[in-house]
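Before any comments, here is the structure.
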Amino acid sequence: MLFDTVIRNGTAVIPGQGEVAATIAIQDGKIAALLNPADPADGRELIDARGKHIFPGAIDPHVHVAYMGAPIEQYETETRSATIGGVTTYINFLVRPGELDTPFQQEIAGGEPISYIDFALHFGTLSEHQVENLPRYVEQYGVTSFKYHMNYRFNPDPAKDPRAARGFVPVDDGLLWDLFSTAAKIPGVVVNVHCETGDIPMRLEARIKASGMEGQAAWNATRPPFVEGNAVRTACYLASNAGATLYIVHMSTRDGLDEVRRARQSHKRIYVETCPQYFTLHTESGHRPSQKIPPIRPKDQADAVWEGILDGTVDTIATDHGGRPAQGGPNPSIWDVGPSFAGIATMLPLMLSEGHHKRGLSLQRVAELTSYNAARIFNLYPRKGTIQPGSDADLAIVDLNQERTVDPAYCQSESDFSLWEGWQVKGWPVRTIVRGQTVMLDGKVVGAKGHGRYLRRQPGALSTPPRVTAG
């Protein structure tokens, strides 16, 4: 048979199997066969992956593109950046205070024609109306994951909180309970929770700001680790009682990880995401402070997150990517900047460099953390997240020995800075393939704008990703 594409001489990194010498045959955007390297196979396109490792295309399950007023054109710039890092699918957040039907249609109509890679959506659920409509969102739009911000407890006075001016309403544990209870009735629906007790930071922030403290140490002081741990405990307890599936986003503390370890003794459907900024950076590392993602922590907390990655407590690596230009000049105050951070191009390289090369994390575990587990949790498997016949031919061909200095220009995000700028990182994708089409080759985006597709998802019985006890 003449295949569309045949990839020879590489080592496939297959979740559940490990590193496998195989010829990968691609037909009609799907993996048609995994062949013995000695077997004959011909293709219209022949790719020699000698000396390279072939990973399932990375999946970033936590991205903010065209988020809260950012232009829809970010679907072009940020998916370009994704291809640089071997990311072939991401899940974006659609968060609005009112009805979600019109924003959903606008998102698909605006984003699909300019995307280089595939994408799905999480819906924010911040009101009773949105929680009540969850079953309809699943059925009508193929959305099976829903975000809740425990930190959105605030004074609904527009003069004191800009979120109130944008139409948001304060949340409470009663609404979270209703969300868990509603989600639990549909097997496979996942509730993503930003675990941060909102009342305490609201009080601490004014005091820390008045003290003159600055930088990421100040931002961490407004939300100390116990604030995350306290919220994680509440979220785990409510999810367990409702029988719901809980996915904790951007975990950054030992406090939170320990709460998950305890809660999993009685409720297994609790999943943990963390991001590279929480295990590669810390408050003493001197990086640019121009962003207000959930805070970067002291070094002992970063070490605790590494422990969670290595012992299997952490299920997925994401980025919280929201690429925007740096704000406030060269030395901005942490109090004067908003979210501004890009990480989608460096997620997989950092896992290879800091995890595999420096800490001995197996390549199979890297593939699980950056692709397979997210696909399983968010109803994308087996279409995404693996290298098997019938799956989409989404692949990242990686040169494990390529060393590159992180450069925002190379990463091609709208963001003009990187938290890892100047770092020497070992292990980079040299080719990114989305549904059989090469979209990035040797750092150049060569795919067609508009190749990306919105991914409708169908809920099903969630199959728990296998957890490991060592890296």
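No value in this document is a laboratory result; all are computed from the given coordinates. Remember, predicted model here, so these are calculated numbers, not experimental data. Note: ideal-geometry Cβ built from the backbone for every residue, glycine included; neighbour counts use all protein chains shown.
Going by how many other beta carbons lie within 10 Å of each one, how would you line up Ile59, Ile114, fewest first?
The fewest-first ordering by Cβ neighbours comes to Ile114, Ile59.
Within a 10 angstrom radius of the beta carbon, how do Thr313, Thr77, Thr370 rank from fewest other beta carbons to most?
Arranged by neighbour count, lowest to highest, Thr313, Thr77, Thr370 become Thr77, Thr313, Thr370.
Could you sort 439-446, 375-382, 102-109, 4-11 so that the peptide with the highest average Cβ count within 10 Å comes first and the rest follow in order?
The packing order, highest mean first, is 375-382, 4-11, 439-446, 102-109.
Under the rule a/c < 1.5 gives rounded, and otherwise a/b versus b/c splits prolate from oblate, where does the stretch 57-377 land using the Cα gyration tensor?
Taking the square roots of the gyration eigenvalues as a ≥ b ≥ c, the stretch 57-377 is rounded.
Give me Asp399, Asp258 ranked fewest to most by other Cβ atoms within 10 Å of their Cβ, as a rough exposure proxy.
Sorted ascending by nearby Cβ count, the order is Asp258, Asp399.
Scan the chain and note any complete DSSP helix (H) whose C-alpha atoms cover at least 24 Å along its axis and whose Kyte-Doolittle average is -1.0 or more.
225-242
Which of the trypsin sites (Lys or Arg not before Pro) found in the stretch 47-119 are loop residues per DSSP with 13 or fewer other Cβ atoms within 10 Å of their Cβ?
Arg50
At 7 Å along Cα-to-Cβ for each site, give me the label-to-label distance between Glu73 and Gln327 in nm.
2.0 nm
Work through the residues other than Ile334 whose Cβ is under 10 Å from its Cβ and net out their charges, Lys, Arg +1 and Asp, Glu -1.
Surrounding charge for Ile334 is 0.
Given the options Gly142, Gly29, Leu361, identify the residue whose Cα lies farthest towards the positive end of the charge dipole of the chain (+1 on Cβ of Lys, Arg; -1 on Cβ of Asp, Glu).
It is Leu361.
Please compare each pair in Lys185/Lys292; Lys52/Lys384; Lys52/Lys268; Lys358/Lys449 to a cut-off of 28 Å on the Cα-Cα distance and tell me which ones are over it.
Values: Lys185/Lys292 35 Å; Lys52/Lys384 21 Å; Lys52/Lys268 36 Å; Lys358/Lys449 36 Å.
From Lys185/Lys292; Lys52/Lys384; Lys52/Lys268; Lys358/Lys449, over 28 Å: Lys185/Lys292; Lys52/Lys268; Lys358/Lys449.
Modelled label-to-label distance, Leu400 and Glu128, 7 Å Cα→beta-carbon offset: nm?
So the label points at Leu400 and Glu128 sit 5.6 nm apart.
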